[in-house]
Structure formats: C-alpha cells, structure tokens
Amino acid sequence: MRNGFFRTIVALITVAVCATSTPASAETFSRNLRQGDQGADVKALQVFLNTYPETKIADTGPGSPGSETDYFGSLTKNAVIKFQEKYAADILAPNGLLAGTGFVGVSTRAKMNALASVEITDQSTTTGTVPLALPTEGQTANDLVFVMYPSQYSGAAGTSLSVLGGGFTATNNTVHFGDRYAVEGVPSGNTSTLNFTVPKAIPFGNYSLSVTNSNGTSSKDAFFIVIDPDVPEPTISSVSPTSGRNNTSVTITGTGFTPTGNVLRTSQKIYEDVVSPDGKTITFTITFPLDTPPGITRAPIELPYWFYVINTHGVSGPGHFTLEL
C-alpha cells in the first residue's frame with residue numbers, strides 16, 4: 001500500500017531556465033485559484049497561460065488570446081494542468097504528485113511569479129461563485145465540484161481513504177469508483193475533504209475517482225487502484241542509463257510489471273498501455289520539448305525527470321533520470 005508516498009520526495013534540483021519569453025503583462029499571483037473562481041487575477045492567469053503555445057486556453061472564442069475572461073472554467077483548468085506538467089520538477093514532484101491537478105496553489109503560483117513581474121491591482125474577492133449568466137468557456141455549475149487527488153493511490157478493499165478537492169457539501173456527497181461502484185452519503189466538514197472507506201465488495205482494478213453532490217459532478221481525472229493485498233505492488237530497482245540527452249532510450253528494471261497495460265507516468269507525459277514481456281523491464285524514450293526563442297543562446301541545464309509504473313497490481317515508488325539539455 002502506498003500511503004501518501006507521492007509526498008515523500010522532499011528535495012529536488014531547482015532549475016532556472018534562462019532565455020524564455022515572458023508575458024507582455026506579467027502578474028504577481030497572490031491567491032490560490034481553482035475551477036469556479038472569478039476575478040481580475042483569473043483573467044491575468046488566462047493572459048499568462050496564453051503567452052505560451054503549449055498552455056494556450058483556446059484557439060478561438062472565450063479564453064483565447066485577446067478574448068480572455070475573468071472566469072476559471074474547465075478550459076482554464078486544462079491549461080493549468082499543462083503548465084504544471086511542463087514544469088513538473090518545480091511544481092509537482094516536490095509535492096509528490098504524478099500529474100497536474102489544475103489547482104493554482106503555492107507551488108504553481110511561485111513558478112508563475114518567477115516567470116512574471118507585474119502586480120495585480122484589481123483583484124476580485126469572489127471565490128467559488130459561478131455568475132448567474134456564464135460568459136465564458138461554456139461552463140456549468142458542475143465546475144464547482146472537483147477532485148485534486150486521494151490520500152493514497154492504491155490500497156485494498158476496505159482501506160480508509162481521503163479525497164482532497166473542493167465544492168463538497170456538508171452531507172450527501174457520493175464518491176464514485178468508475179461507473180459501477182460508489183460510496184454514498186459521505187459528509188465533509190470543510191467542503192474540501194472527504195473521508196470514507198473503499199467498498200469492501202469492489203473487485204481489483206484501476207478506477208477513476210469522481211464526486212457527485214447537489215453542486216454537480218466532478219471530472220474523472222483522479223484515480224485509485226484496488227489491489228490484491230497478496231500480490232506485491234510494482235517496484236523500480238534501477239534505471240539505465242541514469243542520465244542522458246533528449247530522446248534517450250531508458251530501461252526500467254523492477255518487479256511486478258504486467259505483460260501489457262502498464263501506465264508510465266512521468267514528470268513530462270503519460271505513456272499508456274506500456275508492455276513488459278518479461279515482467280521485469282520496461283523501455284521507453286525520454287522526450288522533453290524545450291523551445292528557445294530565435295537568436296537566444298541557452299546555457300546547458302540538467303532537469304530531474306521522475307516516473308512511476310502503474311498497473312492493476314498498484315503503483316511503484318519513483319524512478320529518476322537526469323535529463324541533460
């Protein structure tokens with residue numbers, strides 16, 4: 001069982017990537033932002049994200065460059081996730097997270113502020129309130145409910161589990177494991193945490209986690225793996241090579257890999273349905289996009305590149321590769 005193991009990484013190399021373009025209007029982001037929020041800082045966030053092609057809110061319509069709005073909807077959340085995964089070494093790995101959450105918290109704000117430089121002077125105090133007439137991104141009241149991550153990503157049936165998120169009601173929250181299993185009537189004392197027990201009759205497998213209540217239904221981005229306690233979870237014992245340049249072929253050696261259906265979550269991307277013919281090795285290619293503006297010389301850097309193996313047996317501990325760029 002992995003009890004919050006994604007939060008065990010306590011130190012990483014902090015990398016300053018010079019010669020990256022900065023937004024025309026840089027902002028200092030001083031409050032946490034999440035789906036459903038609105039205000040001048042949300043619009044500033046959209047402007048900031050639209051500065052980078054890989055985190056652009058939308059190509060056309062509300063939220064697109066020049067049409068930014070002050071409402072934090074699902075398109076903004078998706079762009080934040082891309083930003084977090086682009087800078088996973090600075091934002092996700094120090095917090096033990098495998099993938100972006102879409103929640104603009106301390107680590108995300110710190111990274112954005114490091115890339116920006118102007119203070120917000122007109123910031124709305126409205127938090128978690130959907131306007132009566134939604135002007136942006138085709139949102140609905142369902143955006144109020146969201147799941148960021150569970151207290152652990154794997155465990156046996158009957159495990160005590162917590163889910164961190166937002167928009168939870170005082171009573172009558174339903175936690176869904178995929179589409180067939182659910183825990184009903186879960187209370188929340190603070191609207192951001194749900195404590196419950198994994199159903200004892202649920203079969204082994206990888207399930208999406210979502211929450212439904214009177215505010216709506218969250219997305220199914222979070223996951224939990226119900227494991228067989230008699231079958232060891234996957235492990236990573238070594239990585240070869242341990243460092244190299246972009247597009248290096250890397251072999252992970254360990255135990256508990258399945259012939260097919262392994263998921264490799266890295267600090268940059270997710271590899272689905274990865275094979276391991278011998279159950280002991282997985283080979284993949286490191287790919288990391290790094291755009292340098294024309295005419296700019298970038299100093300060599302080293303980036304920590306983390307990865308985990310996930311399958312029906314559970315989740316491995318972290319593997320590490322040093323990417324030389």
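Every number in this text was worked out from the coordinates using simple rules, so none of it is lab data. Since the model is a prediction, treat every value here as computed from it, not as a measurement. Cβ placement follows ideal geometry from the backbone for every residue including glycine, while neighbour counts extend to all protein chains displayed.
Subtracting the Cα-Cα distance of A114 and T283 from 0.36 nm times their residue separation leaves 57.4 nm of extension gain.
Karplus-derived 3J(HN,Hα) values for the stretch 169-179, using 6.51 cos²θ - 1.76 cosθ + 1.60 with θ = phi - 60°, are 9, 4, 9, 6, 7, 10, 9, 9, 9, x, 9 Hz; glycine and proline are entered as x. Phi angles across the stretch 73-83 convert, under the Karplus curve 6.51 cos²θ - 1.76 cosθ + 1.60 with θ = phi - 60°, into 3J(HN,Hα) values of x, 5, 5, 5, 4, 4, 5, 5, 4, 4, 5 Hz, Gly and Pro given as x. Specify whether the C-alpha gyration tensor of the stretch 194-263 places it in the rounded, prolate or oblate class, a ≥ b ≥ c being the square roots of the eigenvalues: rounded for a/c under 1.5, otherwise prolate if a/b is larger than b/c and oblate if not. Oblate shape, in that a/c is at least 1.5 and b/c is the bigger or equal ratio. Between N172 and E302, the contour length at 0.36 nm per residue exceeds the Cα-Cα span by 42.0 nm. Each label point was placed 7 Å from the Cα along the Cα-to-Cβ direction; for D228 and S240 their separation is 3.0 nm. Extension gain for D59-T193 works out to 44.8 nm (0.36 nm per residue, less the C-alpha to C-alpha distance). Distant-in-sequence amide contacts of Y149, defined by a placed amide H-H separation under 5 Å and a gap of 5 or more residues or a different chain, comprise L164. Using the Cβ-Cβ distance between E272 and S214 with R0 set to 51 Å, the FRET efficiency works out to roughly 0.90.
Taking other Cβ atoms within 10 Å as a rough exposure proxy, V211, V145 sort from fewest to most as V145, V211. Rounded to whole numbers, the Karplus 3J(HN,Hα) couplings from phi for the stretch 248-258 are 6, 7, 10, 10, 9, 10, x, 9, x, 7, 9 Hz, using 6.51 cos²θ - 1.76 cosθ + 1.60 with θ = phi - 60°, and x at Gly and Pro.
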